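Working notes, beginning with the structure itself.
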Amino acid sequence: MVAYSFKKRFSPRIEDGTKFGTIRGERKRHARVGEPVQLYEAMRTKYCRKIIPDPICTRVEPIRIHVEEDKIAFVHAGPFVLDPQCQHHNSHLNRFARADGFDDMADFHTFWFREYGIGVFRGVWILWGYSAEQEILELAA
C-alpha cells in the first residue's frame, strides 16, 4: 500500500470528493490499480492526519504538464492531450484542474509554476473512486 501526503489546502476537496486524484513525480513505487491508497495531510509532521478512509486506486496514467511563465502550455494525461490554444479544450482544462483540487486552470498554473517552475513535468496521475473513472472518460471524449 502506498501513502501520499497533501498540503492542507487540498484536504477539504479530497473529503468532499471533488479531488479524486493526485499528480506525482516519478519514483520507485506508486499506487497500483486495485490497491488501497493512504491519503494524509501533512505526513511526517506533528500535524499529520488521515484525510479519508483508504480509497481504491482505479487508474494510473502517465502525465506531462508543460508549464510556461504565464500559462500551462499543455497537459498530456493518459489518453488525452489538453491544449489551452484549442477553444474546445478550455472547459476540459478547468474540469481537469478542479479534479486535481484547484479552483480553475489559473489556480493550477500558479501552483505548478511556484512549485516546479518553467518546463515539462513528467510523472503519473493516480486516480481513486468511481467519479475518477467517469471524469477521465468524459475528458477523453
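The values are calculated or read from the model by the stated rules, or taken from the named source; none is laboratory data. Since the structure is predicted, the reported quantities are computational estimates derived from the model, not experimental observations. Methodologically, a virtual Cβ is constructed for each residue, glycine included, from the backbone with ideal geometry; neighbour enumeration extends over all protein chains shown.
Points to keep in mind about this one:
- Scanning region 88-130 for residues that are β-branched (Val, Ile, Thr) and either buried (at least 18 other Cβ atoms within 10 Å of the Cβ) or assigned to a strand (DSSP E or B) (or both) returns Val120, Val124, Ile126.
- Number of positions in region 39-65 that are under 14 Å from Trp125 (Cα atoms) and polar (S, T, N, Q): 1
- Counting residues in region 101-117 that are of a type in the set (Val, Ile, Thr) and at pLDDT 80 or above gives one or more.
- Pick from region 13-52, criterion polar (S, T, N, Q) and in a loop (DSSP other than H, G, I, E, B), ranking: surrounded by the most Cβ atoms within 10 Å (Cβ to Cβ): Thr18
- Enumeration of residues in region 1-12 that are part of a helix (DSSP H, G or I) and either touching a residue at least 40 places away in the same chain (Cβ under 8 Å) or among the polar types (S, T, N, Q) (or both): Arg9, Phe10, Ser11
- Set side by side, the residues Glu69, Glu15, Glu35 differ, and just one is free of Cβ contacts under 8 Å to residues at least 40 places away in the same chain and closer than 24 Å to Thr110 by Cβ, which is Glu15.
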